[in-house]
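K.L.:
Sharing a structure with you now.
The values are calculated or read from the model by the stated rules, or taken from the named source; none is laboratory data. These numbers were taken from a predicted model, which means no experiment stands behind them. Cβ placement follows ideal geometry from the backbone for every residue including glycine, while neighbour counts extend to all protein chains displayed. Heads up: the accessible areas ignore ligands, DNA and RNA and are worked out on the full protein's heavy atoms, side chains in. Shrake-Rupley method; radii C 1.70, N 1.55, O 1.52, S 1.80 Å.
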Amino acid sequence: MAGIGFELRKILDRDSYLSELTAYLYAAMVSSGPWLMSVICLSILGLFRGPGFTVLRHEVFRSTIIYNYCFSLILVGVIQLVLTRYLADRIYEGRERATLSAFSTSLLMVYLTAIPIGIAIYWRFEVGPFYKLCAVLLFLVICSIWLAMIALSAVKDYLHIVYAFATGTACSIAGAMVLYPPFGLTGYLIGYTLGQCVIFFWILARLLSEFPPENVIDMQLVRYMAKYWDLAAIGFGFNLAIWIDKMVFWFAPDSRVIFPWFRTHDFYEGPIFFAYLSIVPTMAIFLMKIETKFYEHYRDYYAKIMAHKSLKLILMEKKGMIEMLRESMREVFIIQGAITLLCLVFAPALVDLAQLMPMQVPLLRVGLIGAFLQVLLSMAVIVLFYFDQRRKVLVVTAVFLLGNGILSWISTLWGFQYYGYGYCYSCLMALITAFYMLQKTVDDLEFITFAEQPIA
């Protein structure tokens, strides 16, 4: 997230327990806000269904939400990292005013692609035309929120971000319940969409209030797309890798067609989505550590190089930076390990809590281990990005994508006893590759710094 580190450090500078708690909440909201709120929203709506709201209707609605999140993440992934890099460069130059122009440009680029994709996705689905229209609108709104999440890290009034998600989620729940009786399933989806619109327009209002409008189109961002094509490929590939196992299972022999063209795999999706929730605290903790403590050493290391300090001082700073990195990863490993272990032990109770079937307990356990590996993988990738090792991340992404796609497909052929292992082993393979790349980067840091980086 471009610029989030600046805000996190300002919050922590207040040196109180409340400020630390606020910083963690902010990091959790920025790193996992949209999908976390959606999971909460879907869970509450699943528990409190109105009269006449059948299981079939809820499944159609749930599949619509899942499809929209899946395809919006993959689509926005193409521009996500490029926009992040662009905003980070502008913020470093002290040109935060470029945020709004970059955001509007990226929004236009995504809309030009998202509208035909959204129509193509829902065109054949045998639901009413208004439901299709609303589903496409929701697709656009979710794409907009993903993009706003990148720009909002430059927003200084962080409490409004939390308010936006809390209020929008409440509006989605209330809107779905209020509009279902008069308008049926379409009204249910309209109500949910209105709540998501509240989130987007709230964040947009904050952006407009903090950054005066400049040009609507920022051509420099367009040129960044060509310059940083590898970031675009990584963003697209990594998000596709996260979702490809679900897509494979949608077409597995034991998948289910809820309604013509609405495919789902209840047995696989529920435990895997539930397992993702276990990594939210760790993502927030790591974001805090990497954007505050590690960044300070990282900044000092390159500051000494730019100031032409002695090699001895530079190597001492590198040692401190690596120690901080190891400490951060060790802390995350211990915390996430404890969370995962607890979830593994209490998996039967969690399955019962999530209203899943007892025979899904083994799949949940495999999913929890996979999520644990995925959070470690994400950490390694973020650190590689810090050292601008884009080609290495591209290799890691390819391993993750191909591994998850192929192994998940094989697991569908071998039967439900092997479900989840494709995701789990692909995370392990990508993690090993990422750690190897990271170790090599650390070992060769002086060569990379002096021979590969364009330091003036």
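K.L.:
Give me the pairs, please: first residue somewhere in the range 437-450 and under 16 Å from Met321 (Cα atoms) and among the hydrophobic types (A, V, I, L, M, F, W, C), second residue anywhere and at pLDDT below 85 and crowded, with 17+ Cβ neighbours inside 10 Å, beta-carbon distance under 7 Å, and either six or more positions apart or on two chains.
P.N.:
Hits for this filter: Leu445/Lys318.
K.L.:
Got at least one residue in the range 441-454 being more than 30 Å from Pro271 (Cα to Cα), at pLDDT below 95 and buried (at least 21 other Cβ atoms within 10 Å of the Cβ)?
P.N.:
Scanning the range 441-454, I find no residue that is more than 30 Å from Pro271 (Cα to Cα), at pLDDT below 95 and buried (at least 21 other Cβ atoms within 10 Å of the Cβ), so the answer is no.
K.L.:
Across the range 81-90, what is the number of residues that are open to solvent by 30 Å² or more (accessible area, probe 1.4 Å) and over 20 Å from the mean Cα position of the chain (by Cα)?
P.N.:
1
K.L.:
Hey, another quick one. Among the listed residues Gly367, Gly405, identify the single one that is farther than 17 Å from Asn239 by Cα, in contact (Cβ under 8 Å) with a residue 12 or more places away in the chain, of a type outside the set (D, E, K, R) and in a helix (DSSP H, G or I).
P.N.:
None of the others qualify; the one that does is Gly367.
K.L.:
Can Gly187 be described as at pLDDT 90 or above and out of contact with any Asp or Glu (no Cβ under 8 Å at 6 or more places or on another chain)?
P.N.:
On the way: at pLDDT 90 or above: yes; out of contact with any Asp or Glu (no Cβ under 8 Å at 6 or more places or on another chain): yes.
So Gly187 passes the test.
K.L.:
List the pairs whose first member sits in the range 79-94 and is under 15 Å from Asp218 (Cβ atoms), whose second member is assigned to a helix (DSSP H, G or I) and open to solvent by 50 Å² or more (accessible area, probe 1.4 Å), and whose Cβ atoms are under 7 Å apart, counting only residues at least 6 apart or on separate chains?
P.N.:
Filtered contacts from the range 79-94: Ile79/Met109.
K.L.:
A further question on this structure: Going residue by residue through the range 412-432, is there one that turns out to be closer than 16 Å to Leu384 by Cα and more than 21 Å from the chain's Cα centre (by Cα)? I'd like the intermediate steps shown before the answer.
P.N.:
Kept after step one, since they are closer than 16 Å to Leu384 by Cα, are these residues of the range 412-432: 430-432.
With the extra rule that they be more than 21 Å from the chain's Cα centre (by Cα), the set shrinks to 432.
The answer is yes; a qualifying residue exists.
K.L.:
State all residues of the range 62-80 that are modelled with pLDDT under 90 and open to solvent by 40 Å² or more (accessible area, probe 1.4 Å); if no residue qualifies, say none.
P.N.:
Residues satisfying the conditions are Arg62, Gln80.
K.L.:
While we're here: Got a sec? Which of Phe183, Phe201, Phe249 is farther than 22 Å from Tyr86 by Cα, of a type outside the set (A, V, I, L, M) and crowded, with 24+ Cβ neighbours inside 10 Å?
P.N.:
Working: Phe183 fails: crowded, with 24+ Cβ neighbours inside 10 Å; Phe201 fails: crowded, with 24+ Cβ neighbours inside 10 Å.
Only one candidate qualifies: Phe249.
K.L.:
Just name the residue that is surrounded by the fewest Cβ atoms within 10 Å (Cβ to Cβ) out of those in the range 91-106 that are farther than 15 Å from Ala205 by Cα and under 23 Å from the mean Cα position of the chain (by Cα).
P.N.:
Among them, the one singled out is Ile91.
K.L.:
Of all helices (runs of 4 or more DSSP H) completely enclosed by the range 195-303, which ones contain at least 1 residues that are at pLDDT 90 or above and in contact with a Lys or Arg (Cβ under 6 Å, 6 or more places away or on another chain)?
P.N.:
229-250
K.L.:
Any chance you could count how many residues in the range 323-343 are modelled with pLDDT of 85 or more and surrounded by 15 or more Cβ atoms within 10 Å (Cβ to Cβ)?
P.N.:
Of the residues in that region, 3 qualify.
K.L.:
Moving on. Gln417 passes all but one of (1) of a type in the set (S, T, N, Q); (2) under 21 Å from Arg326 (Cα atoms); (3) at pLDDT below 95; which number fails?
P.N.:
Looking at each condition in turn, Gln417 falls short on (2).
K.L.:
So how many residues does the range 252-281 have that are open to solvent by less than 10 Å² (accessible area, probe 1.4 Å), hydrophobic (A, V, I, L, M, F, W, C) and either over 16 Å from the mean Cα position of the chain (by Cα) or within 17 Å of Phe71 (Cβ to Cβ) (or both)?
P.N.:
2
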